[in-house]
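Here is the structure we will look at.
The values are calculated or read from the model by the stated rules, or taken from the named source; none is laboratory data. Computed from a predicted model, the values in this text were never measured in an experiment. Note that we place each Cβ from the backbone using ideal geometry, even for glycine, and neighbour counts take in every protein chain shown. Just so you know, the surface numbers come from the protein's heavy atoms only, side chains and all, with ligands and any DNA or RNA stripped out. Shrake-Rupley method; radii C 1.70, N 1.55, O 1.52, S 1.80 Å.
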Amino acid sequence: MNIFKTLALAATALSLQVQAAPYQTIVPAKSSVTFSYKQMGVSIDGRFKKFAAQVNFDPAKADAAKASFDVELASVDAGSSEADDEVVTKSWFNAAAFPKASFVAKQFKPTALNQYEVTGSLTIKGQTREVKFPMKHTAQGKDGVLSGSFTLKRGDFNIGEGMWAKFDVVANDIQVNFSLTAQPGK
């Protein structure tokens, strides 16, 4: 065995030992939930400023992982105060009646080293749909970053009702991206 293979194996073993405890705490200040969509053919980006997650994730035991995630819909930053005010109305998120969007993971399936396929239930405006998406784990010292993205169809969740139900002005596809910095439990 050459020296490079030996060093690679040692580094891999060391990285597995460093993350001994499962991740159990999300650091909101180092985490983000963003989205992008097209309006009249123009790409627009946004984010949510307030969210909370409960996680118990050990990369070595992904089949036992648990996670749930809540986003405060009124914390949306859609690029302008006018857009922020509009998207929380009854036609869009209806944040007064449905203040949160929620995701509950049902399965974490390893697909490659530090990569997983996550399946779970996403609930927005009282509509629940199963979603499946890739997630990557990146170790950063004792912390880890869990990142991924998926496309949701806004029509599946009644986001954009009435005159907004068609997809000619605002596209049906919304790309949701997340990057969560997680810390091990004590």
Between GLU161 and GLU86, the FRET efficiency computed from the C-beta separation at R0 = 22 Å comes out, to the nearest 0.05, as 0.95
Label of the coordinate-derived value, log10 I(q)/I(0) by the Debye sum over Cα atoms at q = 0.08, 0.14, 0.15 Å⁻¹, listed as (i) -0.31, -0.80, -0.89; (ii) -0.43, -0.83, -0.91; (iii) -0.37, -0.89, -0.96: (i)
For the pair VAL104 and ALA21, how long in nm is the line joining their label points, each one 7 Å along Cα→Cβ? 2.7 nm
Roughly to the nearest percent, how much of the accessible area of region 135-183 is carbon and sulfur, given a 1.4 Å probe? 54 percent
How large is the dipole of the chain about the Cα centre if only Lys and Arg carry +1 and Asp and Glu carry -1, each at its Cβ, rounded to the nearest 20 debye? 620 debye
Give me the one-decimal nm value for the distance between modelled label points at ASP77 and THR119, 7 Å along each residue's Cα-to-Cβ direction. 3.6 nm
Leaving out ligands and nucleic acids, and using a 1.4 Å probe, what accessible area per residue does region 105-186 come to in Å²? 52 Å²
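Compute the length gained on full extension between GLU130 and ASP63: take 0.36 nm times their separation in residues and subtract their Cα-Cα distance, giving the result in nm to one decimal.
So the extension gain works out to 22.3 nm.
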List the trypsin sites (Lys or Arg not before Pro) within region 49-157 that fall in a DSSP loop (any state other than H, G, I, E or B) and whose Cβ has at most 15 other Cβ atoms within 10 Å. LYS49, LYS50, LYS90, LYS142
Karplus 3J(HN,Hα) series, Hz, for region 141-147 with 6.51 cos²θ - 1.76 cosθ + 1.60 (x for Gly, Pro): x, 7, 8, x, 10, 9, 10
Which angle from 0 to 90°, rounded to the nearest 10, does the C-alpha axis of helix 3-18 make with the longest principal axis of the chain? 60 degrees
